[in-house]
Structure formats: structure tokens, C-alpha cells
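A.B. asks: Dropping a structure here in C-alpha cells format, bear with me for questions.
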Ligand code: MRU
């Protein structure tokens with residue numbers, strides 16, 4: 001699979017996902033502002049990949065701070081993090097990545113500025129490596145819910161392209177395929193940015209996984225026809241009680257699953273769970289430019305230029321529609337999720353869904 005984001009010598013190389021599937025091209029991020037721009041413009045996207053990009057952005061920015069004074073250095077790191085934090089509001093992994101880097105910077109004081117820069121670089125590498133391992137663990141837990149011969153619907157792209165590698169929702173599918181199960185995937189195209197059509201359909205095709213692309217408004221029909229056995233999606237932010245923010249349209253998929261008696265799974269790492277929030281109503285939802293709706297990729301105008309639009313990039317699926325949340329620590333019913341924060345190891349073990 002292609003690399004989504006990686007260090008290449010003195011810069012960060014970022015796959016430009018806006019250009020997929022037509023072109024596989026990379027942009028060179030030479031400073032943290034290049035990384036911030038890449039996140040804002042969706043060159044890199046998907047909650048875990050945004051977290052990794054943020055960590056690499058901080059390491060890049062740290063390198064350019066010229067001071068011997070550690071307090072000045074830490075203030076510089078604060079300023080860089082504040083800039084990166086303005087890029088996208090919904091995926092909590094962005095803020096998780098920034099906080100992690102700030103903590104490491106604060107803890108490296110005794111090393112001095114120059115060594116701390118190296119430590120931050122290494123930490124950003126670690127964020128990516130850990131993410132791949134986490135996705136594989138999640139995949140193993142999630143694959144238990146996938147029976148041989150299943151057809152699975154997914155929305156947006158929660159695959160290798162949205163993470164350090166392997167994917168969350170698509171990681172579950174990959175793990176099931178790796179176990180030798182015969183799986184068919186239905187990918188919603190995911191208007192308006194088409195992550196399903198451009199990214200999910202592309203990465204599954206590259207991996208020889210059987211994928212059928214449908215438009216978003218076909219999901220109900222394929223379920224009604226009995227063509228789908230379950231849905232699995234990723235998440236941008238999950239609250240303590242299990243409400244799930246994910247790409248716009250996810251809520252509709254969850255309701256359709258309920259109506260058709262199909263399980264609706266969410267696969268996400270612990271870094272996507274925001275234990276500080278109870279209710280999904282408190283998750284900030286990004287609103288993007290009207291052009292995304294009125295014009296296909298700045299090319300074909302498909303609506304009057306001045307028409308009023310509303311373009312929320314995410315929606316929130318209430319916990320009652322979620323069958324289970326699959327994490328690297330196992331799968332849990334949404335009502336048990338809080339235990340991962342507040343519970344004892346015994347309580348967590350008891351709550352983990354066994355099959
Ligand atoms: O706007 P995007 O492309 O960043 O939105 C991505 C999603 O909604 C994904 O489903 C989510 O981040 C999970 S990625 C593993």
C-alpha cells in the first residue's frame with residue numbers, strides 16, 4: 001500500500017489525497033505551516049492520519065525554533081500547536097496528537113533544546129508506527145463479527161489512506177480477508193468529497209478486495225434487497241457514552257441498519273474517544289465551503305453558483321444505533337465504553353464482547 005505520510009530526510013512527504021485515484025503524487029512539507037495547509041485542504045485526511053500529520057508538523061516546527069532557552073522553546077511549541085489546532089475541528093485525534101507532542105516537549109527539558117528536537121522527531125515516528133499496530137489489533141477483534149461470505153457496507157474512507165496503514169473499518173475487513181473469509185464490500189461514494197469513490201474503492205481494488213461502488217442514496221435499496229449483512233465505519237470523535245461523529249451520511253447508514261435489522265459497527269482507536277464529552281451534541285462539527293457541493297472538484301458546476309448551501313462535513317450517530325465499538329482493547333457496547341476510562345481491568349475484561 002502507498003505511504004500516506006512519512007519523513008523523507010529533512011521534510012515530511014504527504015500523499016496528496018485530493019488527486020486520488022487519478023494521480024499518486026506527494027507534496028513536500030518543509031515546515032509546519034505546509035502540514036497545517038495539507039490538513040486543512042484534505043491532502044491528508046482521516047482522523048488517525050490527521051493525528052500523525054499533526055505530530056510530524058510539531059516535530060518539523062520544533063526544528064525551526066532558534067533558541068537555547070527551554071521556556072522560549074516550549075512557548076514556540078505552544079504557538080505551533082495553536083496554529084495546527086485551527087485546521088479541522090471534529091477529529092479529536094488532531095488535538096490528541098498535539099497534546100502528546102506538548103507533553104513530550106515538556107518532559108524533555110533536562111535534555112536541552114537540540115536533543116528535545118530529536119526526541120520530538122522520534123515521537124512523531126512512534127505515533128505512526130503505533131497506529132499501524134493498533135489498527136492490526138483492532139482488525140483482529142473486529143474480524144470476529146465478520147462471517148465467511150458476508151457483504152459489508154462502509155461509508156467514507158477509514159482505510160490505510162486514513163491512518164498510518166491498514167485502516168480501522170477497512171482494517172476489520174482486511175483482517176477478515178486475511179483469515180481466509182470471502183468478503184464483498186459495498187462502498188458508499190460519500191458525497192460531497194467522494195472519499196468512498198476516490199479512496200475506498202481505490203485502495204480495496206489495489207488490494208484485490210471485492211468492492212462494489214454505490215452512491216449514498218442506494219444504501220437503503222441494497223439493504224432492503226438483502227445484499228448487505230453488516231456495516232462498519234470509522235469515527236472522528238466518540239463520546240464517553242458512545243455517540244459517534246463520523247463523515248456526513250453515517251447517521252443515515254446507522255438508521256438504515258436499524259430498520260433492516262443489520263449490525264452497525266464502529267472501528268476506532270482509543271485516541272478517537274473523547275472521554276471529556278458525554279453527549280454527541282457537544283462535538284464541534286466542521287462546515288466546509290459551499291463549492292464542495294455546487295462544483296465537482298472545482299471543475300464541473302452542478303448547481304447555481306449563488307445557491308444557498310449547507311455543508312456539514314460530519315454527523316453524529318447516537319449510541320443507541322451502534323452495535324459495538326471496536327478498539328485495540330477489544331469490542332465494547334457503547335454503554336460500556338466509559339469503562340475504558342473509569343473501569344478496573346476486571347470490569348473492562350467483563351465488558352469486552354467475546355464473540
Ligand atoms: O473529511 P475526512 O475525509 O477527514 O473524514 C474522514 C472520516 O470521516 C473517516 O471515516 C474517519 O476519520 C475515520 S478514518 C479511520
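Readers should treat all values here as calculations from the given coordinates under stated rules, not as data from a laboratory. Treat the numbers as computed from the prediction; the structure is a model and nothing was measured. Virtual Cβ from ideal backbone geometry, glycine too; neighbours counted across all protein chains shown.
A.B. asks: Between 0 and 90 degrees, rounded to the nearest ten: what's the tilt of helix 47-63 against the longest Cα principal axis of the chain?
C.D. replies: Orientation of helix 47-63: about 10 degrees from the principal axis.
A.B. asks: For the chain, modelled as a GNM with alpha-carbon contacts under 10 angstrom, which of 116, 245, 197 fluctuates the most?
C.D. replies: 116
A.B. asks: How big is the convex hull of the Cα atoms of the range 193-300, per residue, in Å³?
C.D. replies: That works out to 139 Å³ per residue.
A.B. asks: Counting helices only, and only those DSSP H runs with n ≥ 4, report the 222 nm mean residue ellipticity of the chain as the sum of -39,500 (n - 2.57) divided by its residues, in deg cm²/dmol to the nearest 500.
C.D. replies: The per-residue figure over the chain is -11500 deg cm²/dmol.
A.B. asks: Return the distance in nm (one decimal) between the two label points of a simple spin-label model at residue 310 and residue 344, each offset 7 Å from Cα along Cα→Cβ.
C.D. replies: 4.8
A.B. asks: I would also like to ask the following. In what sequence do 102, 128, 299 fall when counting other Cβ within 10 Å, fewest first?
C.D. replies: Ranked by crowding around the Cβ, least crowded first: 299, 102, 128.
A.B. asks: Between the range 151-215 and the range 230-264, what is the C-alpha centre distance in whole Å?
C.D. replies: That distance is 16 Å.
A.B. asks: What is the distance in Å between the Cα centres of the range 87-113 and the range 267-333?
C.D. replies: Here the two parts' Cα centres lie 24 Å apart.
A.B. asks: Let me ask something else about it. Once you have a ≥ b ≥ c as the square roots of the Cα gyration tensor eigenvalues for the range 144-351, tell me rounded if a/c is under 1.5, and otherwise prolate or oblate according to whether a/b is larger than b/c.
C.D. replies: Here the range 144-351 falls in the oblate category.
A.B. asks: So which residue, out of 281, 306, 236, gets the largest mean-square fluctuation from a GNM of the chain using Cα contacts under 10 Å as springs?
C.D. replies: For the chain, modelled as a Gaussian network with Cα springs under 10 Å, the answer is 306.
A.B. asks: What is the helix-to-structure angle for 250-260, meaning the angle in degrees between its Cα long axis and the longest Cα principal axis of the chain, kept from 0 to 90 and rounded to the nearest 10?
C.D. replies: Tilt relative to the chain: about 30 degrees.
A.B. asks: Right, here's the next one. If packing is taken as the average count of other Cβ atoms within 10 Å, what order do 262-271, 130-139 fall into, highest mean first?
C.D. replies: For the peptides 262-271, 130-139, the packing ranking is 262-271, 130-139.
A.B. asks: Dividing the alpha-carbon radius of gyration of the chain by 2.2 N^0.38 Å (N being the number of residues), what value is obtained?
C.D. replies: 0.98
A.B. asks: Can you tell me the orientation of helix 92-107 relative to the chain, as the angle in degrees between its alpha-carbon axis and the longest Cα principal axis, to the nearest 10?
C.D. replies: For helix 92-107, the angle is close to 30 degrees.
A.B. asks: For the chain, set up a GNM with springs between Cα atoms under 10 Å and report which of 43, 181, 115 has the largest fluctuation.
C.D. replies: For the chain, modelled as a Gaussian network with Cα springs under 10 Å, the answer is 115.
A.B. asks: Considering only DSSP beta bridges where both residues belong to the chain, give the percentage that are antiparallel (nearest 5).
C.D. replies: In the chain, approximately 50 percent of DSSP beta bridges are antiparallel ones.
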